[in-house]
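Written below as structure tokens is the structure these notes are about.
Bear in mind that the values in this text are calculations on the coordinates, not laboratory data. Note that the structure is a prediction, hence the values are computed from the model and not measured. Cβ placement follows ideal geometry from the backbone for every residue including glycine, while neighbour counts extend to all protein chains displayed.
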There are 2 protein chains.
Amino acid sequence: MRTASSIVVFLLASAAILSVQVSADCGLFPSPGVINSTELFFTQYVDHFSWNTSTYQERYYVYENYFRPGGPIFFYTGNEADVEVFVNCTGLMWENAEAVGALLIFAEHRYFGKSLPCPGGFMECGNYLTTDQAMADYATLISALRKQYNESSATIVFGGSYGGMLSAWMRMRYPALVDGAIASSAPIGCLSPKYVKESYWAVVSNDATSFGGAAPQCSANVNQAFKDVFDYMTTETGREILASTFQLCGSLGPNDGEAFANFIQGAFDAMAMGNYPFSTYYISGTPSHPAPAWPMRVACDYMATNASTAIGRLTNLYNAISVIDNITQDVVCYNTSGLNPSVYSPIWDFMVCTEDIINEQPYFAATGWPNDMFWEQPVYNHSRMNEHCTKYFDKTPRYGVLNDELGVDNIPASSNIVFANGLLDPWHSGGILQNISESIIALIIPDGAHHLDLFFSTPQDTAAVRQVRASQLHYMKVWIAEAMQSRKK
Amino acid sequence: MRTASSIVVFLLASAAILSVQVSADCGLFPSPGVINSTELFFTQYVDHFSWNTSTYQERYYVYENYFRPGGPIFFYTGNEADVEVFVNCTGLMWENAEAVGALLIFAEHRYFGKSLPCPGGFMECGNYLTTDQAMADYATLISALRKQYNESSATIVFGGSYGGMLSAWMRMRYPALVDGAIASSAPIGCLSPKYVKESYWAVVSNDATSFGGAAPQCSANVNQAFKDVFDYMTTETGREILASTFQLCGSLGPNDGEAFANFIQGAFDAMAMGNYPFSTYYISGTPSHPAPAWPMRVACDYMATNASTAIGRLTNLYNAISVIDNITQDVVCYNTSGLNPSVYSPIWDFMVCTEDIINEQPYFAATGWPNDMFWEQPVYNHSRMNEHCTKYFDKTPRYGVLNDELGVDNIPASSNIVFANGLLDPWHSGGILQNISESIIALIIPDGAHHLDLFFSTPQDTAAVRQVRASQLHYMKVWIAEAMQSRKK
């Protein structure tokens with residue numbers, strides 16, 4: 001029995017964020033993970049870019065049994081979650097380590113899990129939560145690991161989502177420490193408003209059509225249902241019907257329409273990101289009740305046919321979002337007061353409010369039919385962003401700085417990066433979708449969701465993801481051989 | 001009338017440092033400089049890598065008259081001095097700007113000149129004196145200048161010595177903001193003890209032979225004179241003779257031998273770095289009395305023949321160092337208490353004591369004849385360095401971090417950098433002396449001293465430096481054309 005406060009919501013007001021809440025136990029099938037690995041801690045400077053000498057303990061996991069003398073280091077550049085998630089879920093590293101004799105390392109991102117720069121918690125010293133600091137942590141750790149294991153080991157970094165951005169950036173920023181990067185679902189293009197050509201919410205909507213293998217009429221019916229929602233919001237009676245149909249814990253006020261619609265939108269967002277071909281609780285965070293395979297298709301089955309009444313459509317819509325929001329079938333009611341975005345993930349929200357890390361606007365605003373199945377939403381421009389960030393954190397983003405440092409225009413000067421993106425994943429809208437050079441490669445999984453390629457193999461995997469993983473292994477071997485060759489000189 | 005406290009000493013204990021004290025008025029011939037330019041200030045974050053919001057005013061100079069629409073930005077990445085020096089002395093930028101229609105920008109390094117992060121001075125907030133912070137200043141300024149002048153302007157950075165390291169690093173770190181770098185006398189190899197193959201002091205000694213155009217016997221006679229110094233230091237009478245011969249303000253104690261010899265060694269260091277083919281006060285810092293052309297040759301004329309007595313050799317040695325130390329001929333006496341290295345340049349010494357920026361050991365210890373013309377000096381190892389830095393700054397260096405980030409092993413992954421080195425400049429021992437790729441080029445000036453190529457042209461210039469400057473202009477044009485081409489896409 002639970003309320004909606006524990007469900008997965010991917011919203012920062014009207015805009016999606018990368019953050020995921022995941023189970024620490026990833027696989028449905030027996031697979032290696034935390035239980036096989038050693039938990040260790042490394043002393044890091046809280047601030048790598050001043051001469052303050054405060055330190056903290058960064059957590060990382062090691063698995064040595066595949067490591068052979070001269071073998072490479074496979075290094076996961078942890079992102080915004082407890083690192084155990086990535087130890088347990090990054091099958092691509094586990095499944096290829098033995099073939100190349102790799103040491104497996106999974107490093108935790110500062111401020112997450114057990115890697116806490118301040119004993120007093122995040123708000124006490126959130127000032128040192130920056131991507132540059134996190135990358136300096138990883139560089140320092142890689143340097144120390146090389147000294148410990150093998151000074152000339154090739155090092156390949158892996159990451160997904162924001163972690164995929166970090167892995168690409170580690171190669172761009174520390175080419176002598178990092179020989180190559182597997183950057184999965186890394187929407188680096190989101191840093192530049194000019195780059196993104198396809199709307200995030202248009203991709204979510206595409207998942208709810210035959211493109212995503214879903215019922216063709218789904219997206220149109222969802223769009224009509226949103227219109228119903230806003231119609232019902234205009235009257236007291238309508239709001240009562242909505243609260244009842246959607247099993248809300250409280251009532252809806254006349255100004256709650258946008259927040260309530262955002263709550264529904266978030267479920268479709270989660271199902272698009274998590275539109276995997278196998279049953280998993282990676283996105284839902286409900287280990288005992290995994291989401292079904294192809295959750296968007298399942299949800300769309302409820303929206304496949306035209307309902308004869310608005311209430312019928314709303315009931316169907318409720319059933320559709322329940323595919324991800326009420327997998328356990330034990331939700332008593334949804335707590336709409338939990339829709340405050342800063343309640344969900346204050347740490348990630350802080351990152352957005354400082355580095356503007358995902359640069360969510362203007363392309364993350366849904367604009368409504370026919371562009372997407374949602375409704376026209378207010379643009380989350382700088383002044384609105386500043387207002388939000390000042391309110392919660394007394395900060396405003398440093399717009400554009402991260403793009404100057406590590407945006408798409410910087411990528412061509414680098415090398416040895418594989419960017420993989422699934423076209424069902426809305427984050428591919430900011431992804432690198434075309435080869436940039438002979439060694440900066442874009443791989444596409446047409447029927448793939450959010451960093452599908454990083455997971456353990458399953459019998460349900462499609463041919464496309466199998467090919468991408470084979471290609472990734474090919475590049476890993478090329479990079480290892482190149483590194484060994486250059487070390488000999 | 002002056003004492004030695006105002007002369008140029010390049011010593012950190014027994015090891016040389018990059019820092020130079022220079023006149024703000026560079027040219028002997030009328031040449032453009034500060035007088036032609038506009039002094040401006042740009043608001044920068046004191047700390048780019050945390051969310052503290054303190055700011056300071058960074059100084060920069062602008063000269064717009066050569067700038068044509070679509071022209072490039074020539075950007076000097078200021079190093080450890082008042083930026084006026086570089087405005088006045090960087091002839092390479094002034095002389096080529098008109099041909100390509102360039103905007104000229106000279107940016108001051110934080111903590112120097114008027115660019116002071118704290119009103120209370122260096123020691124109040126020296127914690128933010130790092131190369132990463134300085135580079136972030138430059139990146140922020142370049143980004144703003146592009147918005148102000150022309151978003152698609154090619155940007156070429158220039159720098160000499162530590163400023164040359166900064167210019168190369170700006171290309172490596174911010175390839176989308178910096179299209180190419182002229183890195184002159186940039187001893188990036190000094191960051192790695194493994195890289196440097198030629199001893200710094202061996203190069204200084206080479207300058208005092210026929211290789212440097214000096215009297216062939218000079219180095220042997222200097223070496224013998226140092227032996228005399230240490231002989232004389234062993235007796236009270238001997239020390240009195242030394243104090244008298246070298247016109248010291250005070251007397252020498254039995255333990256002052258190393259410091260006194262270091263003082264003499266520093267003069268040869270300065271004459272090797274400043275061994276230019278024209279008369280200039282760039283190294284001596286004495287505008288009304290410039291050092292002679294080829295100062296080492298002039299000094300060596302005093303050491304050309306074998307003196308018949310030790311006192312004769314010591315007198316010759318005194319005359320030799322007076323070529324740089326007493327150009328003005330008005331030194332009453334040398335103040336040996338001014339030999340404390342932290343008195344000379346506390347800010348630069350702080351940088352050495354935090355980032356270990358020049359990584360001066362073990363290759364900067366002279367080892368004596370026949371390796372060099374000096375004497376066997378105690379290795380300045382980590383424990384000695386730590387002791388020194390703890391005493392003066394309560395800090396110890398972060399050994400190796402800068403090399404991991406920006407050392408020679410990182411260079412091959414970059415592009416569009418010209419490294420120029422003069423073989424008379426002792427800093428070339430840590431320089432990039434061979435092409436690394438098709439676009440990372442090493443240019444050599446066999447008869448060139450410290451970043452000779454950056455100066456204004458003079459009639460005394462040798463063919464070698466003229467060729468190097470022509471080659472540098474060629475690469476600038478290539479980079480500008482490439483940038484223009486890539487912006488069109």
Original post:
Taking the simple approach of a point 7 Å from Cα along Cα-to-Cβ for both B:MET484 and A:THR462, what is their distance in nm?
Top reply: 4.6
Subject >> Computed [θ] at 222 nm, deg cm²/dmol, chain B (DSSP H ≥ 4; -39,500 (n - 2.57); rounded to nearest 500) >> reply: -11500 deg cm²/dmol
**OP:** Beyond 32 Å between alpha-carbons counts as too far, so tell me which of A:LYS395/B:LYS477; A:LYS114/A:LYS395; A:LYS194/B:LYS477; B:LYS194/B:LYS488 fall in that bin.
**Re:** A:LYS395/B:LYS477; B:LYS194/B:LYS488
Subject >> Cα-based equivalent ellipsoid of the stretch B:199-393: semi-axis lengths in Å, sorted from largest, via gyration tensor >> reply: 25, 21, 18
**OP:** With no solvent and one equal point scatterer placed on each C-alpha of the stretch B:172-225, evaluate the Debye formula and give log10 I(q)/I(0) for q = 0.12, 0.17, 0.25 Å⁻¹, two decimals.
**Re:** -0.49, -0.72, -0.97
Subject >> the stretch B:97-205: relative contact order as a whole-number percent, Cα under 8 Å and 6+ apart >> reply: 17
Original post:
Order of B:LEU252, B:LEU166 from fewest to most other C-beta atoms within 10 Å?
Top reply: B:LEU252, B:LEU166
Original post:
Can you work out the FRET efficiency for the pair B:ASN255 and B:ILE347, with r the C-beta to C-beta distance and R0 = 30 Å, to the nearest 0.05?
Top reply: 0.60
Original post:
Cα centroids of the stretch B:272-304 and the stretch A:155-206: how far apart, whole angstrom?
Top reply: 54
Subject >> Nearest-20 debye value, the protein assembly as shown charge dipole, Cβ charges on Lys, Arg, Asp, Glu >> reply: 1220
Subject >> Dipole axis of the stretch B:199-393 (+1 Lys, Arg; -1 Asp, Glu on Cβ), positive-most option in B:SER199, B:MET351, B:ASN255 >> reply: B:SER199
Original post:
Sorted from fewest to most neighbouring beta carbons within 10 Å, what does the list B:HIS451, A:HIS48 look like?
Top reply: A:HIS48, B:HIS451
Subject >> Volume in Å³ per residue [convex hull over Cα atoms, computed for the stretch A:91-163] >> reply: 108
Subject >> Descending Cα extents along the principal axes, the stretch B:395-480, whole Å >> reply: 46, 30, 20
**OP:** In nm, give the distance between the simple-model label positions of A:LYS197 and A:ASP394, each being 7 Å from the Cα along the Cα-to-Cβ direction.
**Re:** 4.5
Subject >> Projected label distance in nm at B:SER152 and A:ASN306, using a 7 Å step from Cα toward the beta-carbon >> reply: 4.9
Original post:
Nearest 10 degrees, 0 to 90: what angle lies between the long axis of helix B:218-232 and the longest principal axis of chain B (Cα atoms)?
Top reply: 60
Original post:
Just how far, in whole angstrom, is the stretch B:119-138 from the stretch A:425-489 if you go by their alpha carbon centroids?
Top reply: 41
**OP:** For the stretch B:69-202, just list the percent of Cα-Cα distances falling in each 10 Å bin from zero outward, please.
**Re:** 12, 40, 33, 13, 2
**OP:** Jot down the radius of gyration and Dmax of chain B, Cα atoms only, both in angstrom.
**Re:** 22.2, 78
Subject >> Kirkwood Rh in Å, taken over all unlike Cα pairs in the protein assembly as shown >> reply: 30.7
Original post:
Hey, got the dipole for chain A? About the Cα centre, +1 on K and R Cβ, -1 on D and E Cβ, debye to the nearest 20?
Top reply: 960
Subject >> For the stretch A:25-97 and the stretch B:67-109, distance of Cα centres in Å >> reply: 46
